[in-house]
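Presented below is the structure to which this report refers.
The values are calculated or read from the model by the stated rules, or taken from the named source; none is laboratory data. Only a predicted model underlies this, so the values are computations on that prediction, with no experimental measurement involved. Glycine also receives a Cβ, built like all others from the backbone with ideal geometry; neighbour counts cover every protein chain displayed. Protein only, heavy atoms only, side chains kept; ligands, DNA and RNA dropped before computing areas. Shrake-Rupley method; radii C 1.70, N 1.55, O 1.52, S 1.80 Å.
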Amino acid sequence: MVRFQGIPEVTETPAVAVVIDVMRAFTVAAWAFARGAEKIVLAGSLDDALALKDRHPGWVALKDGPPAPGFDLVNSPGLLRDAELGGKTVVQKTIAGTVGALAVEDAPLLLCASFVVAEATARLLRTHGATEVTFVVTGEDGRAEEDLACAEYIAGRATGAGTDATNYLRRAAHSRAAAELAEGVREGSHPDDVGLCLDLDRFPFAMAAAREDGLMVLRPLDVP
């Protein structure tokens, strides 16, 4: 059984959760790993993110919106793609993506995904043999078209049905989030963000989150 739920609808801990944030948290997370980050700590609030950085001066803090004191990066793949993050720990706090992940933090298998890691995520679900999967559609209380399209696409690929991406990418490209990014409505963005968020299967890894020393930690996971 596959469920698609917004964050407010998550009332039980799923056995397998896939948290979707296409524009832009989990596109940015994938780029951070591609730029060498060792792990990403998902923070519950901006204050938590800054407190973690204070305790760990070498960590890199990242947030939604415009630059702010104490934060090193903003939640934009276009602005992150040239960052040097080799061996770094990134602390990420966003409006939707990190909130969605923390809402299902007790799930035995918790994956964070977007189009850039879609196939690897679907392959991991197939390898895991997951029969009950909850997709957490983080944007717009579960109504964000780009997140729902990505969730439905990964769900289809996870069955091995050979689902074609064209219509799903088109839906995402015409979403409200895509329009706001393209028009520069969202602060802390780059003109290339929409294209980078729709760059299907750019990266070969999935991203799995789990508790480590009391923190929710996201790591890349190679999938054979």
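Sort HIS174, HIS128, HIS190 from largest to smallest accessible area, using a 1.4 Å probe on the heavy atoms of the protein chains.
Listed by decreasing accessible area, they come as HIS174, HIS128, HIS190.
Residue separation times 0.36 nm, minus the C-alpha to C-alpha distance between ALA68 and ARG55: what's the value?
My answer for the length gained is 2.8 nm.
Let me check I've understood the local charge: for ALA165, count other residues with C-beta under 14 angstrom from its C-beta, Lys and Arg +1, Asp and Glu -1. What total comes out?
Details: positive: ARG157, ARG170, ARG171, ARG202; negative: GLU119, GLU146, GLU152, ASP164, ASP199, ASP201.
In short, -2.
Quick check for you: which residues of the stretch 54-75 have the amide N under 19 Å from the point 7 Å beyond the Cα of LEU215 toward its beta carbon?
The answer is 54-64, 70-75.
Using only Cα atoms, what is the ratio of the radius of gyration of the stretch 1-75 to 2.2 N^0.38 Å?
Numbers: Rg = 14.6 Å, N = 75, 2.2 N^0.38 = 11.3 Å.
Ratio of Cα Rg to 2.2 N^0.38 Å: 1.29.
Taking the Cα centre of each part, how many Å lie between the stretch 28-93 and the stretch 149-207?
So the two Cα centres are separated by 21 Å.
For the stretch 150-224, with every protein chain kept in place, what is the accessible area per residue (1.4 Å probe, Å²)?
That works out to 52 Å² per residue.
Kindly provide log₁₀ I(q)/I(0) values, in the same order as q = 0.12, 0.13, 0.14, 0.17 Å⁻¹, from the Debye equation applied to equal alpha-carbon scatterers of the chain.
The computed values of log10 I(q)/I(0) come out as -0.55, -0.66, -0.77, -1.18.
With a sphere of radius 11 Å drawn around the Cβ of CYS112, what net charge do the other residues whose Cβ falls strictly inside it have (Lys, Arg +1; Asp, Glu -1)?
0
Distance from a point 7 Å along Cα→Cβ of ALA208 to each backbone N in the stretch 1-43: keep the residues under 16 Å and list them by number.
From the stretch 1-43, the list is 15-19, 39-40.
Enter the accessible area per residue of the stretch 21-91 (Å², integer; probe 1.4 Å; all protein chains in place).
Solvent-accessible surface per residue comes out at 38 Å².
What does the charge count near ALA49 come to, summing +1 for each Lys or Arg and -1 for each Asp or Glu among other residues with Cβ under 12 Å from its Cβ?
Neighbourhood net charge equals -1.
Name the residue farthest towards the positive end of the dipole of the chain from the options PRO204, TYR168, LEU110, assuming +1 on Cβ of Lys and Arg, -1 on Cβ of Asp and Glu, about the Cα centre.
The residue sitting most towards the positive pole is PRO204.
Using a probe of 1.4 angstrom, how much of the accessible area of the stretch 86-224 is carbon and sulfur, in percent?
49 percent
Size of the dipole of the stretch 167-224 about the Cα centre, Lys and Arg at +1 and Asp and Glu at -1 on the beta carbon, nothing else charged, in debye to 20?
So the dipole magnitude of the stretch 167-224 works out to roughly 260 debye.
Percent antiparallel among DSSP beta bridges with both residues in the chain, to the nearest 5?
Antiparallel bridges make up about 35 percent of those DSSP assigns within the chain.
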